[in-house]
Amino acid sequence: MSVCCVTTSPEEEHTPKLDLGNVQTPLIFNPSVLNLQPNIPNQFIWPDDEKPCVDVPELDVPLIDLRNFLSNSDSVSSSSSSSSSTLEASRLISEACNKHGFFLVVNHGISEELISDAHDYMARFFDMPLSEKQRLLRKSGESCGYASSFTGRFSTKLPWKETLSFRFCDDKGRSKIVQDYFCDALGHGFEPFGKVYQEYCEAMSSLSLKIMELLGLSLGVNRDYFREFFEENDSIMRLNYYPPCQKPDLTLGTGPHCDPTSLTILHQDHVNGLQVFVENQWRSIRPNPKAFVVNIGDTFMALSNNRYKSCLHRAVVNSESERKSLAFFLCPKKDRLVKPPRELLDSNTPRRYPDFTWSMLLEFTQKHYRADMNTLQAFSDWLTNKPI
Ligand SMILES: C=C1C[C@]23C[C@H]1CC[C@H]2[C@]1(C)CCC[C@@](C)(C(=O)O)[C@H]1[C@@H]3C(=O)O
Ligand SMILES: O=C(O)CCC(=O)C(=O)O
Ligand SMILES: [Fe+2]
């Protein structure tokens, strides 16, 4: 990756300046010329207590086989009865979510071809010239668009990654918001890109709603409650591209954080990099091409009245190869009030977080606060006007 100056980005007023003697140039993360610099700019170097550790042990993440649950008649029935396979799946999810909030799902019903196409198109997008990618440049305060290490957004602890984020609305196929996003911004030639990610997001949304049924059962709530809460979801799809780094021990691909969203369904490529903080130790989650990594986010933690915790995790980079991950962030309709179902409230467990909408929390992370491991508490304090 080279750091070089190109025409200023719209966010130049916030772009940290790279001091090359007396010439101030905007800091642009341009990975097209990689590893030509012996070092990395200071803005990408993380504090000692957050630098990655070498060779962390693997985490044995619960693996949930969805075959029977998805094929079983009761996966479409109402809440009247649940088969033993459904109850077993919800038990495994409960176990995982009471430990660290991460689990794997296999036999999820999503075709290997669709997953492979999504990875292939991601590789093709990030291989485009920077000027082409910047046609989708993320605007300040917005969650969608292309970002190269957020150089226009943060001035320190920059992540070693490029991202492309776009919106998906589950409106039962009435709109093709993802396909239109690519075609409107990049032209009709990108229709194949848009079709693949439209189909991928529809599949992610459908899988998310099935997982919401299992989460409802695991919490002793009506199995339709969370599924219906997330119908008409207004979610975020994010493509994470991590170029190889000549100093992987000094920086991070994605800093330590809990996802502010509700549920994340992530597909890693074959390169190790995802780490979860469990029992005071960073643990790696080994890539499994047949599995999606699923984790609870802050918004679901609030919906569960803190019964389930969103989990601290990060992504590390390496000096040998690029790494890619597809992250689908399930989010409720923007104006839907996030509050726990009454089954999760009683005199011993009062409300843990105030009512809020996802729209408010999203704006907080995009305009006021860099999501980390304390986002939800900082947001709650901000809502109740306490100093952060
Ligand atoms: C709502 C979101 C904000 C982030 C993307 C989604 C869910 C994860 C969030 C994020 C990845 C947490 C770490 C910091 C962050 C700035 C990043 O590294 O990308 C976060 C995303 C964001 O604010 O763009
Ligand atoms: O790339 C990864 O493995 C994790 C990325 C992540 O945590 C995120 O985008 O929220
Ligand atoms: Fe995350």
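The values are calculated or read from the model by the stated rules, or taken from the named source; none is laboratory data. The shown structure was predicted, so the numbers you read here are calculated from the model rather than taken from an experiment. Don't worry about glycine lacking a Cβ; one is built from the backbone with ideal geometry, like all the others, and counts go over all protein chains shown. For accessibility, only protein heavy atoms count, side chains too; no ligands or nucleic acids. Shrake-Rupley method; radii C 1.70, N 1.55, O 1.52, S 1.80 Å.
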Go through the residues of segment 316-332 one by one and say whether even a single one is within 13 Å of ligand 2 (Cβ to nearest atom) and of a type in the set (S, T, N, Q). yes
Take the residues of segment 125-148 that are part of a loop (DSSP other than H, G, I, E, B) and polar (S, T, N, Q): which is most open to solvent (accessible area, probe 1.4 Å)? Ser140
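Suppose we filter segment 113-169 for residues that are among the small types (Gly, Ala, Ser), closer than 25 Å to Asp372 by Cα and touching a residue at least 40 places away in the same chain (Cβ under 8 Å); how many remain? Lay out the reasoning, then the answer.
First, pick out the residues of segment 113-169 that are among the small types (Gly, Ala, Ser): 116, 118, 123, 131, 140-141, 143, 145, 147-149, 152, 155, 165.
With closer than 25 Å to Asp372 by Cα added as a condition, the list becomes 140-141, 143, 145, 147-149, 152, 155, 165.
The next check asks that each one be touching a residue at least 40 places away in the same chain (Cβ under 8 Å); those that pass are 140-141, 143, 148-149, 152, 155, 165.
Qualifying residue count, segment 113-169: 8.
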Sort out which residues of segment 230-288 are near ligand 2 (Cβ under 10 Å from one of its atoms), β-branched (Val, Ile, Thr), under 14 Å from Val61 (Cα atoms) and assigned to a strand (DSSP E or B), and write them in order of number. Val276
Any idea which of Asp355, Asp372 is at pLDDT 95 or above, charged (D, E, K, R) and within 12 Å of ligand 1 (Cβ to nearest atom)? Asp372
Against the condition open to solvent by less than 10 Å² (accessible area, probe 1.4 Å) and either small (Gly, Ala, Ser) or not in a helix (DSSP H, G or I) (or both), how does Phe328 come out, does it pass? yes
So Asp249, is it charged (D, E, K, R) and more than 22 Å from Ser94 (Cα to Cα): yes
Residue by residue through segment 322-341, note down the ones that are out of contact with any Asp or Glu (no Cβ under 9 Å at 6 or more places or on another chain), at pLDDT 95 or above and away from ligand 3 (no atom under 16 Å from the Cβ). Pro340, Pro341
Quick check: anything in segment 112-124 buried (at least 18 other Cβ atoms within 10 Å of the Cβ) and away from ligand 2 (no atom under 16 Å from the Cβ)? yes
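Sort out which residues of segment 243-257 are open to solvent by 10 Å² or more (accessible area, probe 1.4 Å) and touching a strand residue (DSSP E or B) at 6+ places or on another chain (Cβ under 8 Å), and write them in order of number. Break it down into steps so the answer makes sense when it comes.
Looking only at segment 243-257, we keep the residues that are open to solvent by 10 Å² or more (accessible area, probe 1.4 Å), and these are 244, 246-250, 254-257.
Passing the criteria: Thr254, Gly255, Pro256, His257.
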When (1) at negative phi; (2) surrounded by fewer than 24 Cβ atoms within 10 Å (Cβ to Cβ) are applied to Val317, the one that fails is (2)
Considering only residues that are at pLDDT below 90 and within 16 Å of the chain's Cα centre (by Cα), look in segment 149-175 and name the one that is surrounded by the most Cβ atoms within 10 Å (Cβ to Cβ). Ser149
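Which of the residues that make up segment 186-217 are over 23 Å from the mean Cα position of the chain (by Cα) and assigned to a helix (DSSP H, G or I)?
Filtering segment 186-217 for residues over 23 Å from the mean Cα position of the chain (by Cα) gives 186-192, 217.
Within segment 186-217, Leu186, His188, Gly189, Phe190, Glu191, Pro192, Leu217 qualify.
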Take the residues in segment 259-277 that are out of contact with any Leu (no Cβ under 6 Å at 6 or more places or on another chain) and in contact (Cβ under 8 Å) with a residue 60 or more places away in the chain; name whichever of them is surrounded by the fewest Cβ atoms within 10 Å (Cβ to Cβ). Asp269
